[in-house]
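This report concerns only the one structure given below.
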């Protein structure tokens, strides 16, 4: 089988969208989904409040049926939130909404990627929790060639349904990958300081794609300003949702690590 797309021989891999996730999941031990504006940011906000979040890939009448099936409240579109249904994909609105123990969060991008991972562990990462996620991945032993990670930038959609690579997701994925590099360097320095230099060293073999994502994050001097000025950021700001962009670009303010277990994201930090 042609498997050139798997980025084999690398412990940390990077791709775009549901199709990229499906392909890389065939040879990965863990999938990290990044959808900064706004699925995974919304997941971090809900999970850090103690809510279990059920991803659902369709925002249609079947979402309500699914929510009833799992005994959860249903998040609606940003502009559809009401006093009776205050939960939406807006991270800012989720912060203000009453607590709910179970929430269905429809998203055609982030949820589709989570579903494409099959039985693999799926982690929801954003700029808000990138360092916490990288800590968890290293602690769990992911990122080696034996247990490779697939970091997936969700991207957005053009009107014809095709994938539109989104800068904010590249930066979010890069933040996680850069965090993995930092964790490894810190662990190696600590081992050396404790005279364990002769012990086997763990290496993070980044694919060229993953390395480029990390470089994009490290070389962006003002990530928040870049995201706000991006196509997706301008769309939200222009639509009256500047607060969502602000929440999404809070750097490492969240320590939650949402992992998909039994169909729902909950904190595993």
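So what's the range 4-267 giving for Rg/Rh, alpha carbon basis, Kirkwood Rh from the mean inverse pair distance?
0.98
Going from the alpha-carbon gyration tensor of the range 121-165, what semi-axes, largest first and in whole Å, does one get by taking the root of 5 times each eigenvalue?
Each semi-axis is √(5λ); the values are 27, 14, 7 Å.
Of 54, 14, how do they rank once you tally other Cβ atoms within 10 Å and put the fewest first? Let's see the in-between values first.
Numbers: 54 26, 14 29.
Listing 54, 14 from fewest to most nearby Cβ atoms yields 54, 14.
Using alpha carbons only, how many degrees (0 to 90, rounded to 10) separate the axis of helix 39-48 from the longest principal axis of the chain?
90 degrees
How high is the relative contact order of the range 4-267, in percent, counting Cα pairs under 8 Å that sit 6 or more residues apart? Intermediate values should be presented prior to the final figure.
Values: 565 pairs, mean separation 83.5, N = 264.
Relative contact order of the range 4-267: 32 percent.
May I ask for the distance between the Cα centers of the range 8-29 and the range 210-241, given as a whole number of Å?
23 Å
Report the antiparallel proportion of the DSSP beta bridges in the range 4-267 as a percent, rounded to a multiple of 5.
25 percent
What does the helix-only formula give at 222 nm for the chain: each DSSP H stretch with n ≥ 4 adding -39500 (n - 2.57), the total divided by the residues, and the result rounded to the nearest 500 deg cm²/dmol?
Values: 11 runs with 112 residues, N = 269.
Rounded to the nearest 500, it is -12500 deg cm²/dmol.
What is the Cα radius of gyration of the range 19-66 over 2.2 N^0.38 Å, N being its residue count?
Scaled against compact globular proteins, the figure is 1.39.
Express in % the proportion of alpha carbon pairs of the range 1-88 at distances exceeding 20 Å.
Taking all Cα-Cα pairs of the range 1-88, the fraction more than 20 Å apart is 50 percent.
Every number in this text was worked out from the coordinates using simple rules, so none of it is lab data. This one's a predicted model, so the numbers in the text were calculated from it and none came from an experiment. Neighbour counts run over all protein chains shown; Cβ positions are idealised from the backbone, glycine included.
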